[in-house]
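Structure incoming, see below.
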Amino acid sequence: MQVHLPKAWLAFLPPGEEDPAQAGAVRFTITGGAQGLHLFCGPYEQRQFQGVHTYHLPGDAAWAQEVAQAATFGVERLTQWLGPRPLPDAQVVVLALPAGWGSQHLPGLIAQTSAEDGQARMAEVVHEVAHFWTPGRDANRFCDEAVAHYLEDLLVGERDGVTARVAAIAHRMRALGACPEAQRVPLAAAAGHAALETVSRQKGPLALCVLEYGIGRDGVLALLKSWIRSPDVDAADAGRFVRHAGEMLAGLGGFDGRSYLRDWFEAEADPPLDVEGDPEEALCRAASRYTGGQTMGRVKKCRP
Ligand SMILES: [Zn+2]
């Protein structure tokens, strides 16, 4: 898998000086000085970029290269963890787009990032890369968003160290703690709920973190890998994920998968996680409910 950064795109031309022979080609230009890169080759039309995954990059050429490297890192690590991408034909193209376009994936992936903080921008890039592996958008947003956020945090930890991952988890716990309504929504029934975004982006990845503390990171990745490649995955609904996970967890000794899935995916109750507490201690305690006290946290403090 290559990340393409076409040379022509790094020709920094002032607005209005695009080469007519290259009409329609995508180029970077620097506008607004420190504001960074903006696309100026004409209006973005998604049909131009079918099957192409794109990123919006505020910044300069060096920054574009850094983002390309982050994307490459994400692709390589996820291929190692989850196998080849389900859509092997799509290229990853790094592209600057005007502000105002939302992030999306398939058929064109646009990671539009305006985060000031470099690490947050990188997290957004690897998040969108993670969507290469998530199945199509489901109504619950568990199968796409929750899984992508969990993978995003894993990649941040791999790239920037364990402290960065713990900080990302702490951020999710604070966000979930600030939304009592979202805490009570079962993951398998989040569709259409007013707190859907918080449920899928905070409670969902935290549920996978608790699972990680119970069965280990390799166990969670094995589950995701088998699920992504299962024939059921096309439908991409959380109910199918729960059934798939139930079958797999039932085969593991020492982890009460039935109770875990009930607490997080089915019960209309606060999740058994102290969202106000120290992230790692809270995850250890949450996981130990299903393991009889043994946990396999891979983040920092909680080890078997
Ligand atoms: Zn996403």
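Derivation of every value follows stated rules applied to the coordinates shown; laboratory data play no part. All of these numbers come straight from a predicted model, not from anything done at the bench. In this analysis, Cβ positions are derived from the backbone assuming ideal geometry, glycine residues included, and neighbour counts consider all displayed protein chains.
Between GLN119 and ASP274, what FRET efficiency follows from the Cβ-Cβ distance if R0 is 25 Å, with the result rounded to 0.05?
Working from the Cβ atoms, E equals 0.45.
May I pose another question? About its Cα centre, how strong a charge dipole does segment 128-277 have in debye, to the nearest 20, once Lys and Arg get +1 and Asp and Glu get -1 at the Cβ?
The dipole magnitude comes to about 120 debye.
A further question follows. Report the semi-axes of the equivalent ellipsoid for segment 143-294 in whole Å, largest first, where each axis is √(5λ) for an eigenvalue λ of the Cα gyration tensor.
One finds semi-axes of 20, 18, 16 Å for segment 143-294.
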